[in-house]
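Take a look at the structure below.
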Amino acid sequence: SCPNLIRYYSSWKEDNRMHIQIELCESTLRCQLQKRLSERPFSPRFSEDEVFSVLRQVANGLATLHGLGFAHLDVKPDNILLGRDGCYKLADFGLATRTAADDRGPVPEGDCRYLARELLRGTLEDLTKADVFSLGLVCYELAISPKELPQNGDDWQVLRDGCIDAGQFPHCTEDLARVLRRMVHRLPSERPPCVELAECRAAASDDEVEALRQALREAQEAASRSREIAERYERELVAVKRQMEIGVASLGG
């Protein structure tokens with residue numbers, strides 16, 4: 001089973017209500033956002049590493065779902081749960097729809113804040129890319145918190161045009177903005193598949209970058225010393241050859 005899809009145990013109907021038993025989780029990603037805003041209102045944003053962690057895990061769950069022939073169509077923080085094992089898990093498959101065009105009914109619309117524009121236009125060639133778009137906006141929301149995603153208007157349209165402003169999350173690198181722009185590209189065909197996103201990595205931290213720079217400096221210094229030693233040996237070899245030539249010439253004379 002996939003660790004990033006909520007585990008189902010059983011279901012039953014009682015008093016005209018459907019009850020579904022799933023694995024017990026700690027909270028939702030929405031609750032995590034709200035908790036951060038409450039506990040540290042001046043810095044509630046998720047770090048770049050944290051955003052990439054959510055991105056990879058949810059993408060892994062979506063990749064599994066897509067491989068089974070379904071699209072989720074309601075990817076949002078409320079439907080991403082944090083399990084007791086520390087993994088983020090995609091839940092609530094009430095709008096899940098088959099991806100094969102000849103094997104599905106009407107395509108539902110999820111939360112307007114995370115909805116891909118093509119679902120409104122009826123352009124439904126690849127429903128998996130609508131999930132990619134929604135996940136891209138979820139990750140964008142984590143990075144820009146406490147700012148909220150628009151429900152309509154010009155700002156809503158700007159995001160559907162694939163415009164992600166890295167200035168909204170200056171604590172992150174351009175790498176994150178580049179990935180998010182691909183995920184919310186206005187053309188579904190240009191968005192990366194979830195299989196690829198499940199493998200993406202955050203940029204190296206400042207400490208890691210500095211460590212690499214230090215290692216590079218040391219390697220360059222070592223290479224410089226090696227060149228100096230090699231040049232000295234070459235000079236000595238030339239001098240020895242010259243002395244040998246002089247010695248041979250004196251013997252011949």
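Tabulated results
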{"read-out": "Residue that is under 21 Å from the mean Cα position of the chain (by Cα) and outside the structural domain of Glu148 (by the TED database), where the choices are Leu82, Leu55, Leu5", "value": "Leu5"}
{"read-out": "Hits in region 69-85 (condition: at pLDDT 95 or above and assigned to a loop (DSSP other than H, G, I, E, B))", "value": "Gly69, His72, Leu73, Asp74, Val75, Lys76"}
{"read-out": "Total residues in region 95-122, condition over 23 Å from Gly67 (Cβ atoms) and more than 23 Å from the chain's Cα centre (by Cα)", "value": "5"}
{"read-out": "Elements of type helices (runs of 4 or more DSSP H) in region 86-186, at least 3 residues being modelled with pLDDT of 95 or more and of a type in the set (Val, Ile, Thr)", "value": "128-144"}
{"read-out": "Candidates Leu37, Leu55, Leu29 - the one that is closer than 21 Å to Lys147 by Cα, at pLDDT below 95 and of a type outside the set (Phe, Trp, Tyr)", "value": "Leu37"}
{"read-out": "Restricting region 88-135 to residues that are polar (S, T, N, Q) and farther than 26 Å from Met18 by Cα, the residue that is surrounded by the fewest Cβ atoms within 10 Å (Cβ to Cβ)", "value": "Thr123"}
{"read-out": "Hey, Cys163 in the same structural domain as Gly69 (by the TED database), without any contact (Cβ under 8 Å) to a residue 24 or more places away in the chain and either under 25 Å from Phe46 (Cβ atoms) or touching a strand residue (DSSP E or B) at 6+ places or on another chain (Cβ under 7 Å) (or both) or not", "value": "yes"}
{"read-out": "Search result, residues across region 187-225 that are modelled with pLDDT under 75 and in a loop (DSSP other than H, G, I, E, B)", "value": "Ala202, Ala203, Ala204, Ser205"}
{"read-out": "Out of Arg40, Arg36, Arg45, Arg56, sole residue that is in contact with a Pro (Cβ under 6 Å, 6 or more places away or on another chain) and within 27 Å of Leu180 (Cα to Cα)", "value": "Arg36"}
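The values are calculated or read from the model by the stated rules, or taken from the named source; none is laboratory data. Quantities reported herein were computed from a predicted structural model and do not represent experimental measurements. For neighbour counting, all protein chains shown are included, and Cβ atoms are generated from backbone atoms with ideal geometry for every residue, glycine included.
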